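The values are calculated or read from the model by the stated rules, or taken from the named source; none is laboratory data. Note that the structure is a prediction, hence the values are computed from the model and not measured. Here the Cβ positions follow ideal geometry from the backbone for every residue, glycine too, while neighbour counts run over all protein chains shown.
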Amino acid sequence: MEIINYELFKLGENVTITVGSIIFLLFGIVIARILNSVVRRVLKAFFNKRSVDVGRSYTILTLVKYFIYAVVFITIINIIGIKLNYLLAGSAALLVGIGIGLQGTFNDFFSGIILLIDGTIEVGDVLQVNDQIGRVKFIGLRTSKIETLDAHIIIFPNSQLVNNQVNNLTHKQSPIRLSVDIGVSYGSDIRQVENTLLEVVKQFSKFKMNYTPSVFLVSYGDSSINFKLYFFSSEVFRSDKIRSDVRKAIWIAFKREGIQIPFPQRDVWIKNADK
(Lines give C-alpha, C1' and ligand atoms only; values in the text may rest on other atoms or scores of the structure.)
Protein backbone atom coordinates (compact mmCIF):
# COMPACT_ATOMS: atom_id res chain seq x y z
CA MET A 1 0.00 0.00 0.00
CA GLU A 2 2.89 2.35 0.69
CA ILE A 3 4.12 1.88 -2.89
CA ILE A 4 0.65 2.65 -4.32
CA ASN A 5 0.40 5.82 -2.23
CA TYR A 6 3.95 6.91 -3.06
CA GLU A 7 3.87 10.50 -4.26
CA LEU A 8 5.46 11.13 -7.66
CA PHE A 9 4.71 14.82 -8.18
CA LYS A 10 2.11 17.50 -7.54
CA LEU A 11 -0.05 19.57 -9.85
CA GLY A 12 -0.70 22.75 -7.97
CA GLU A 13 -1.60 22.59 -4.28
CA ASN A 14 -4.57 20.22 -4.39
CA VAL A 15 -3.63 17.49 -6.89
CA THR A 16 -1.11 14.79 -6.03
CA ILE A 17 -0.06 12.18 -8.57
CA THR A 18 0.84 8.86 -6.97
CA VAL A 19 1.92 5.44 -8.25
CA GLY A 20 -1.67 4.34 -7.74
CA SER A 21 -2.88 7.17 -10.01
CA ILE A 22 -0.60 5.99 -12.80
CA ILE A 23 -1.73 2.37 -12.35
CA PHE A 24 -5.35 3.48 -12.41
CA LEU A 25 -4.69 5.50 -15.58
CA LEU A 26 -3.15 2.47 -17.32
CA PHE A 27 -6.02 0.30 -16.12
CA GLY A 28 -8.48 2.81 -17.58
CA ILE A 29 -6.72 2.67 -20.95
CA VAL A 30 -7.02 -1.13 -20.96
CA ILE A 31 -10.72 -0.89 -20.07
CA ALA A 32 -11.24 1.64 -22.88
CA ARG A 33 -9.59 -0.70 -25.41
CA ILE A 34 -11.68 -3.65 -24.28
CA LEU A 35 -14.88 -1.59 -24.33
CA ASN A 36 -14.05 -0.26 -27.78
CA SER A 37 -13.42 -3.80 -29.07
CA VAL A 38 -16.76 -5.07 -27.72
CA VAL A 39 -18.71 -2.11 -29.11
CA ARG A 40 -17.02 -2.50 -32.52
CA ARG A 41 -18.04 -6.16 -32.73
CA VAL A 42 -21.64 -5.36 -31.83
CA LEU A 43 -21.83 -2.48 -34.31
CA LYS A 44 -20.19 -4.49 -37.11
CA ALA A 45 -22.73 -7.28 -36.66
CA PHE A 46 -25.51 -4.69 -36.75
CA PHE A 47 -24.07 -3.02 -39.87
CA ASN A 48 -23.72 -6.36 -41.68
CA LYS A 49 -27.32 -7.21 -40.85
CA ARG A 50 -28.57 -3.84 -42.11
CA SER A 51 -26.18 -3.81 -45.13
CA VAL A 52 -24.64 -0.47 -44.15
CA ASP A 53 -22.00 0.63 -46.68
CA VAL A 54 -18.32 0.41 -45.75
CA GLY A 55 -17.68 4.16 -45.67
CA ARG A 56 -20.58 4.96 -43.37
CA SER A 57 -19.82 2.09 -40.98
CA TYR A 58 -16.15 3.13 -40.81
CA THR A 59 -17.15 6.69 -39.92
CA ILE A 60 -19.49 5.58 -37.13
CA LEU A 61 -16.94 3.14 -35.68
CA THR A 62 -14.22 5.80 -35.69
CA LEU A 63 -16.41 8.39 -33.96
CA VAL A 64 -17.51 5.82 -31.37
CA LYS A 65 -13.86 4.93 -30.67
CA TYR A 66 -12.87 8.54 -30.05
CA PHE A 67 -15.99 9.09 -27.92
CA ILE A 68 -15.17 6.08 -25.70
CA TYR A 69 -11.58 7.20 -25.18
CA ALA A 70 -12.65 10.77 -24.43
CA VAL A 71 -15.23 9.65 -21.83
CA VAL A 72 -12.78 7.26 -20.16
CA PHE A 73 -10.05 9.91 -20.09
CA ILE A 74 -12.29 12.56 -18.53
CA THR A 75 -13.63 10.03 -16.00
CA ILE A 76 -10.14 8.91 -14.96
CA ILE A 77 -8.70 12.39 -14.43
CA ASN A 78 -11.73 13.32 -12.33
CA ILE A 79 -11.37 10.19 -10.19
CA ILE A 80 -7.66 10.86 -9.75
CA GLY A 81 -8.59 14.34 -8.55
CA ILE A 82 -7.63 16.46 -11.51
CA LYS A 83 -10.44 18.85 -12.33
CA LEU A 84 -10.57 19.55 -16.03
CA ASN A 85 -11.33 23.25 -15.55
CA TYR A 86 -8.36 23.63 -13.20
CA LEU A 87 -6.13 21.82 -15.65
CA LEU A 88 -7.16 24.07 -18.54
CA ALA A 89 -6.89 27.24 -16.46
CA GLY A 90 -3.47 26.32 -15.11
CA SER A 91 -2.09 25.54 -18.54
CA ALA A 92 -3.77 28.35 -20.48
CA ALA A 93 -0.52 30.12 -21.36
CA LEU A 94 1.09 26.87 -22.44
CA LEU A 95 -1.91 25.97 -24.58
CA VAL A 96 -1.81 29.36 -26.31
CA GLY A 97 1.85 28.87 -27.19
CA ILE A 98 1.23 25.34 -28.43
CA GLY A 99 -1.79 26.50 -30.43
CA ILE A 100 0.23 29.16 -32.25
CA GLY A 101 2.97 26.67 -33.11
CA LEU A 102 0.59 23.93 -34.20
CA GLN A 103 -2.05 25.85 -36.13
CA GLY A 104 -1.67 23.59 -39.14
CA THR A 105 -1.98 20.46 -37.01
CA PHE A 106 -5.12 21.74 -35.31
CA ASN A 107 -6.52 22.65 -38.72
CA ASP A 108 -5.93 19.08 -39.89
CA PHE A 109 -7.42 17.72 -36.65
CA PHE A 110 -10.70 19.61 -36.95
CA SER A 111 -10.79 18.89 -40.68
CA GLY A 112 -10.63 15.19 -39.81
CA ILE A 113 -13.64 15.58 -37.53
CA ILE A 114 -15.51 17.38 -40.33
CA LEU A 115 -14.71 14.57 -42.79
CA LEU A 116 -15.96 11.90 -40.39
CA ILE A 117 -19.17 13.75 -39.52
CA ASP A 118 -19.96 15.34 -42.90
CA GLY A 119 -19.75 12.13 -44.91
CA THR A 120 -18.87 13.78 -48.24
CA ILE A 121 -15.69 11.67 -48.33
CA GLU A 122 -15.77 8.12 -46.94
CA VAL A 123 -13.52 5.08 -46.88
CA GLY A 124 -13.82 3.29 -50.22
CA ASP A 125 -14.58 6.44 -52.24
CA VAL A 126 -12.54 7.08 -55.39
CA LEU A 127 -11.18 10.64 -55.45
CA GLN A 128 -9.39 12.82 -57.94
CA VAL A 129 -7.01 15.13 -56.07
CA ASN A 130 -4.37 17.22 -57.85
CA ASP A 131 -4.68 15.09 -61.03
CA GLN A 132 -4.21 11.95 -58.92
CA ILE A 133 -6.93 9.29 -58.82
CA GLY A 134 -7.04 7.03 -55.78
CA ARG A 135 -9.24 5.11 -53.37
CA VAL A 136 -9.63 6.26 -49.76
CA LYS A 137 -8.18 3.59 -47.47
CA PHE A 138 -8.15 5.40 -44.11
CA ILE A 139 -9.47 8.62 -42.58
CA GLY A 140 -7.75 9.66 -39.36
CA LEU A 141 -8.03 12.73 -37.20
CA ARG A 142 -4.99 14.39 -38.78
CA THR A 143 -4.29 12.62 -42.08
CA SER A 144 -6.01 10.37 -44.60
CA LYS A 145 -4.46 7.64 -46.75
CA ILE A 146 -5.33 7.29 -50.43
CA GLU A 147 -4.19 4.38 -52.61
CA THR A 148 -3.36 5.39 -56.20
CA LEU A 149 -3.76 3.34 -59.37
CA ASP A 150 -0.10 2.35 -59.05
CA ALA A 151 -0.79 0.91 -55.57
CA HIS A 152 1.11 3.77 -53.91
CA ILE A 153 -0.20 5.19 -50.64
CA ILE A 154 -0.40 9.00 -50.53
CA ILE A 155 -0.89 10.59 -47.12
CA PHE A 156 -2.96 13.78 -47.36
CA PRO A 157 -3.41 16.26 -44.49
CA ASN A 158 -7.15 16.40 -43.85
CA SER A 159 -7.22 20.17 -44.37
CA GLN A 160 -6.32 19.63 -48.05
CA LEU A 161 -9.35 17.39 -48.52
CA VAL A 162 -11.65 19.87 -46.77
CA ASN A 163 -10.36 23.22 -48.08
CA ASN A 164 -9.33 22.29 -51.64
CA GLN A 165 -11.44 21.15 -54.56
CA VAL A 166 -11.77 17.37 -54.57
CA ASN A 167 -13.60 15.36 -57.22
CA ASN A 168 -15.38 12.43 -55.53
CA LEU A 169 -16.01 10.07 -58.43
CA THR A 170 -18.16 7.64 -56.42
CA HIS A 171 -20.05 9.97 -54.09
CA LYS A 172 -23.45 9.29 -55.65
CA GLN A 173 -22.76 5.55 -56.05
CA SER A 174 -23.69 5.79 -59.73
CA PRO A 175 -21.67 4.89 -62.85
CA ILE A 176 -19.46 7.52 -64.43
CA ARG A 177 -19.18 8.26 -68.13
CA LEU A 178 -16.01 7.14 -69.91
CA SER A 179 -15.01 7.72 -73.52
CA VAL A 180 -12.81 6.23 -76.22
CA ASP A 181 -11.62 8.06 -79.36
CA ILE A 182 -11.47 6.19 -82.66
CA GLY A 183 -10.74 7.21 -86.23
CA VAL A 184 -11.87 5.41 -89.41
CA SER A 185 -11.06 5.85 -93.08
CA TYR A 186 -13.09 8.19 -95.24
CA GLY A 187 -14.40 5.25 -97.24
CA SER A 188 -16.17 3.76 -94.19
CA ASP A 189 -19.94 3.55 -93.75
CA ILE A 190 -20.56 5.78 -90.73
CA ARG A 191 -23.78 3.91 -89.86
CA GLN A 192 -21.87 0.65 -89.79
CA VAL A 193 -19.18 2.25 -87.64
CA GLU A 194 -21.75 3.55 -85.15
CA ASN A 195 -23.59 0.22 -84.90
CA THR A 196 -20.34 -1.71 -84.48
CA LEU A 197 -19.14 0.55 -81.67
CA LEU A 198 -22.45 0.21 -79.80
CA GLU A 199 -22.38 -3.58 -80.20
CA VAL A 200 -18.86 -3.66 -78.77
CA VAL A 201 -19.97 -1.85 -75.61
CA LYS A 202 -22.87 -4.26 -75.09
CA GLN A 203 -20.41 -7.17 -74.82
CA PHE A 204 -19.19 -5.88 -71.48
CA SER A 205 -21.49 -6.86 -68.62
CA LYS A 206 -19.61 -4.50 -66.29
CA PHE A 207 -21.23 -1.54 -68.02
CA LYS A 208 -24.53 -0.21 -66.73
CA MET A 209 -26.72 -0.54 -69.78
CA ASN A 210 -29.58 1.43 -68.21
CA TYR A 211 -27.23 4.36 -68.92
CA THR A 212 -27.40 4.48 -72.72
CA PRO A 213 -24.03 4.50 -74.54
CA SER A 214 -23.68 6.84 -77.48
CA VAL A 215 -21.44 7.56 -80.47
CA PHE A 216 -20.60 11.04 -81.77
CA LEU A 217 -18.83 12.08 -84.95
CA VAL A 218 -16.52 14.76 -83.57
CA SER A 219 -14.34 15.89 -86.47
CA TYR A 220 -13.02 15.34 -89.99
CA GLY A 221 -9.30 14.80 -89.65
CA ASP A 222 -6.51 14.88 -92.22
CA SER A 223 -6.58 11.11 -92.63
CA SER A 224 -9.67 9.92 -90.77
CA ILE A 225 -13.23 10.54 -89.67
CA ASN A 226 -13.00 10.82 -85.89
CA PHE A 227 -15.63 9.37 -83.55
CA LYS A 228 -15.99 9.38 -79.78
CA LEU A 229 -17.67 6.46 -78.01
CA TYR A 230 -19.29 7.26 -74.64
CA PHE A 231 -20.29 4.56 -72.16
CA PHE A 232 -20.86 4.15 -68.43
CA SER A 233 -19.13 1.99 -65.86
CA SER A 234 -19.24 1.46 -62.10
CA GLU A 235 -15.61 0.32 -62.01
CA VAL A 236 -14.22 3.81 -61.56
CA PHE A 237 -10.91 2.89 -59.96
CA ARG A 238 -9.72 0.79 -62.94
CA SER A 239 -11.14 2.96 -65.70
CA ASP A 240 -7.85 2.85 -67.62
CA LYS A 241 -8.09 -0.94 -67.93
CA ILE A 242 -11.72 -0.70 -69.01
CA ARG A 243 -10.83 1.72 -71.79
CA SER A 244 -8.03 -0.60 -72.89
CA ASP A 245 -10.41 -3.58 -73.03
CA VAL A 246 -12.88 -1.58 -75.11
CA ARG A 247 -10.16 -0.49 -77.56
CA LYS A 248 -9.07 -4.13 -78.00
CA ALA A 249 -12.65 -5.20 -78.66
CA ILE A 250 -13.09 -2.37 -81.17
CA TRP A 251 -9.95 -3.46 -83.03
CA ILE A 252 -11.23 -7.04 -83.31
CA ALA A 253 -14.73 -5.93 -84.33
CA PHE A 254 -13.40 -3.55 -87.01
CA LYS A 255 -11.21 -6.33 -88.45
CA ARG A 256 -14.26 -8.58 -88.61
CA GLU A 257 -16.47 -5.93 -90.24
CA GLY A 258 -13.81 -4.72 -92.66
CA ILE A 259 -13.69 -1.21 -91.19
CA GLN A 260 -10.28 0.35 -91.69
CA ILE A 261 -8.41 2.39 -89.09
CA PRO A 262 -6.16 4.65 -91.19
CA PHE A 263 -2.67 5.87 -90.45
CA PRO A 264 -1.29 9.25 -91.54
CA GLN A 265 -0.15 9.33 -95.14
CA ARG A 266 1.79 12.01 -97.00
CA ASP A 267 2.46 12.39 -100.71
CA VAL A 268 5.99 13.62 -101.42
CA TRP A 269 6.71 15.25 -104.78
CA ILE A 270 10.35 15.55 -105.83
CA LYS A 271 11.02 18.20 -108.40
CA ASN A 272 14.26 18.20 -110.31
CA ALA A 273 15.54 21.66 -110.84
CA ASP A 274 16.74 22.43 -114.38
CA LYS A 275 20.42 23.10 -114.51
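Candidates are the residues of segment 131-155 that are among the hydrophobic types (A, V, I, L, M, F, W, C) and within 10 Å of the chain's Cα centre (by Cα); the one that is farthest from residue 63 (Cα to Cα) is 133. When you look at residue 113, is it at pLDDT 65 or above and either surrounded by 11 or more Cβ atoms within 10 Å (Cβ to Cβ) or not in a helix (DSSP H, G or I) (or both), yes or no? Yes; evaluated as a whole, the condition is true for this residue. Residues that are touching a helix residue (DSSP H, G or I) at 6+ places or on another chain (Cβ under 7 Å) and aliphatic (A, V, I, L, M) were ranked within segment 69-78; the one that is modelled with the highest pLDDT is 72.
Whether a residue is touching an Asp or Glu at 6+ places or on another chain (Cβ under 8 Å) and modelled with pLDDT of 85 or more was assessed, and residue 56 does not pass this test.
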